[in-house]
């Protein structure tokens, strides 16, 4: 696991993914390599032609007709190179888009299947940076880096081969910079991998801190936590700055050394070639041709070095993306089939941190069809209990069973058809209202969609939309109010049609009258179902068959509204406090 909680794949894992991608696109890759080979070989003809012309003219053995033929050959080579390069670049970009699309689809499929408990423990910053900046880094590498590495690598090999075929003795000078480039690159690569992992991780932490600051701005302001939050942001920025400075320092050493390596071969070839000319071991044409080859290598080698740096970023980003696939399942081998609708929690203890229990020996066995309201002060464990009842987390001790089967042993897709959790958080996905609703019931007809909307009191405003249920909402479409978005989420719940519902303050974002009306509408479809509601407004508790009062992770009171009020305990105190608030007026 990384510091943020999500794993990072090792080199073997990244190579495995690379091999799988090559196998999946070997036909397209072969076409790209072939076209670039033609372009690279065509580019070798020009230096050879110039060398022949210089040698022939200096020795007087080249006639006018020979010059014409060489010029025609030169023009043909340029035309072939231009044509092959054009189609090679097109094929490279198409290959890059295909590979990137495959990577993106696999990544999104993995992310949407991650256990919610692990995602929350990792934090939004790490996952968000992997789905944005890391994906972008890999996209740049796949679209442009891989094709350019193929081109430059092939050009370098063919150019070296042509130089040695021309005159091996002179061509040795082209390799003069190899030790410098190899040694400096090894020094750089050994340090840049960890450096870029630190850099990308620091970006994830910075995004997480900024994101939680924006989302919790009102809470931060209300509790005067701005100095504390500012300190957290400053620390995240300082870590980001230090990580950037480290990799920048590596590049400031590596780039000058490799730049010297670009110029050295040309100088050595001319000096060494001149020495060989005096000894009669080389010709002017051979030295000229190989010197031109050395100059021609400058561009590909420089590009190769630059892409090696960006490839480090892309490889590190790919390791983080592939690492998401290494997240262990929270229900391995789950194949349980519940025998009935009875939900039962017995003796459950749970904590988000070792040694700190949020729930302590909680027992809750609702009757099938019973309405239960769970109330209590903030931090008493109400929402945590809801998560365990719906299989988001597994208890450290005790059991949560559905139909006699541990909920963590039931496949998640099956569990959600039996038990559903609706929280105060709501999401509107880009698409039509119908698309949003059919996430819960893909085969639902328009009439069923309208019936679900009617149940939650949303049909009137949906029909007032420009295109009804076909109106596009979300980013780039109609912006829904928080109340409308929550009604949409609750309509999805109606379509999902589970027999047990756990409502974690599901209507808290609506104003009291709208929430009251919505809950009354839901009563018509909740009949016969088991309902466990985390109550934010106590009128929900008043209407329940049984009220559970929690404090410090334990159930301290249980009974009907009248029973608990007459008991004059914690619930009675909460009831009197709620009635005294303006919001309590119905």
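The values are calculated or read from the model by the stated rules, or taken from the named source; none is laboratory data. Keep in mind that what you see is a predicted model, and the values were worked out from it rather than measured. Quick reminder, even Gly has a Cβ in these numbers, built from the backbone with ideal geometry, and neighbours come from all protein chains shown.
Observations on the model:
- Taken over region 431-468, the criterion of being farther than 27 Å from residue 418 by Cα, assigned to a helix (DSSP H, G or I) and either touching a residue at least 24 places away in the same chain (Cβ under 8 Å) or under 29 Å from the mean Cα position of the chain (by Cα) (or both) is satisfied by 462, 468.
- Of note, residue 127 satisfies the criterion of being buried (at least 20 other Cβ atoms within 10 Å of the Cβ), within 25 Å of residue 412 (Cβ to Cβ) and assigned by TED's automatic domain parsing to the domain that holds residue 313.
- Scoring residue 61 on the criteria (1) part of a helix (DSSP H, G or I); (2) at pLDDT below 80 leaves a single failure, condition (1).
- For region 254-268, the set of residues classified as crowded, with 17+ Cβ neighbours inside 10 Å and either outside the structural domain of residue 173 (by TED's automatic domain parsing) or closer than 15 Å to residue 307 by Cβ (or both) consists of 254, 258, 262, listed by residue number.
- Qualifying residue in region 173-183 (condition: outside any helix (DSSP H, G or I), surrounded by 15 or more Cβ atoms within 10 Å (Cβ to Cβ), more than 24 Å from the chain's Cα centre (by Cα) and at pLDDT 80 or above): no
- Leading residue by the ranking (modelled with the lowest pLDDT) among those in region 329-343 that are surrounded by fewer than 16 Cβ atoms within 10 Å (Cβ to Cβ) and out of contact with any helix residue (DSSP H, G or I) (no Cβ under 9 Å at 6 or more places or on another chain): 332
- Of all residues in region 140-163, exactly one satisfies the criterion of being free of Cβ contacts under 8 Å to residues at least 60 places away in the same chain and either crowded, with 20+ Cβ neighbours inside 10 Å or not in a helix (DSSP H, G or I) (or both), namely 146.
- Counting only residues that are surrounded by 16 or more Cβ atoms within 10 Å (Cβ to Cβ) and without any contact (Cβ under 8 Å) to a residue 60 or more places away in the chain, region 411-430 holds 1 of them.
- Yes/no for residue 69 being part of a helix (DSSP H, G or I), at pLDDT 80 or above and surrounded by fewer than 18 Cβ atoms within 10 Å (Cβ to Cβ): yes
- The number of residues in region 552-562 being surrounded by fewer than 15 Cβ atoms within 10 Å (Cβ to Cβ) and farther than 16 Å from residue 532 by Cβ comes to 3.
- Tally, over region 91-124, of residues that are in contact (Cβ under 8 Å) with a residue 60 or more places away in the chain and outside any helix (DSSP H, G or I): 3
- Of the strands (runs of 3 or more DSSP E) lying entirely inside region 345-430, the ones with 2 or more residues being within 20 Å of residue 114 (Cα to Cα) and either outside the structural domain of residue 538 (by TED's automatic domain parsing) or in contact with a strand residue (DSSP E or B) (Cβ under 6 Å, 6 or more places away or on another chain) (or both) are found at 419-423.
- Residue count for region 92-114 satisfying the condition of being within 24 Å of residue 330 (Cα to Cα) and surrounded by fewer than 19 Cβ atoms within 10 Å (Cβ to Cβ): 10.
- Residue within region 325-339 that is touching a strand residue (DSSP E or B) at 6+ places or on another chain (Cβ under 6 Å) and in contact (Cβ under 8 Å) with a residue 24 or more places away in the chain present: yes
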